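Asker: Starting off with a structure, shown below.
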Amino acid sequence: MKYIYSIIAVLAICLITLPSKTQAQCKQFSETEVMPLLGEYIISGRYNTLRLREGEEILIFKTLSKGINYRIVVKCEDSLATNLHYVIKDWEDATLYDNAEHSNSYKWDYSSDKTQRIKINVYVPKSSADGEPLKEGCVTVLTGIKPDM
């Protein structure tokens, strides 16, 4: 009976600590690989980072303020995909930017002429052959603003 309790305790500890280790890996990826891509832009607060598998997608909502220059960076780990696809749309679903039309660029610079809400849809395409395990990795969506000079 002690043996069963020991196994349950170990499994519980693994289930509790695994998500935090995964999140820590994504945070490190964001800070070391993605944040430098902002260049002269400064991070505008929170950023989104999570682990996705091939074939998964996420939808993120952001508010952009009038008169501010933005850089939106969408990047994933190299092990996940080389052709991460994302589309940015306004609230009426008009496409503002589709990275597939711009050589799969990871960044988009935009100056908002009005305060508006946008939707960022990020899709990780499948590259694994049928029957192979799906790849998984960190994906980060980061928004920066250009300081007034």
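Asker: Return the subset of Lys126/Lys146; Lys114/Lys135; Lys75/Lys146; Lys66/Lys135; Lys27/Lys114 for which the Cα-Cα distance in this structure is over 29 Å, preserving the input order.
Answerer: Lys126/Lys146; Lys114/Lys135; Lys66/Lys135; Lys27/Lys114
Asker: Still on this structure: If you add up the charges near Glu56, with Lys and Arg at +1 and Asp and Glu at -1, over every other residue whose beta carbon is less than 13 angstrom from its beta carbon, what do you get? The partial results should precede the final answer.
Answerer: Values: positive: Arg51, Arg53, Lys126, Lys135; negative: Glu54, Glu57, Glu136.
Spelling it out: positives minus negatives among the neighbours equals +1.
Asker: On to the next question. Highest mean first, what order results for 89-99, 48-58 on Cβ atoms within 10 Å?
Answerer: On the way: 89-99: 12.5, 48-58: 16.3.
The most tightly packed comes first, giving 48-58, 89-99.
Asker: Points 7 angstrom from Cα along the Cβ direction at Asn83 and Leu59: gap in nanometres?
Answerer: It works out to 2.5 nm between the two label points.
Laboratory data are not the source of any read-out in this text; all were calculated from the coordinates shown. The structure displayed is predicted, hence computed values, not measured ones. All Cβ positions, even for glycine, are placed from backbone atoms using ideal geometry, and neighbour counts span all protein chains on display.
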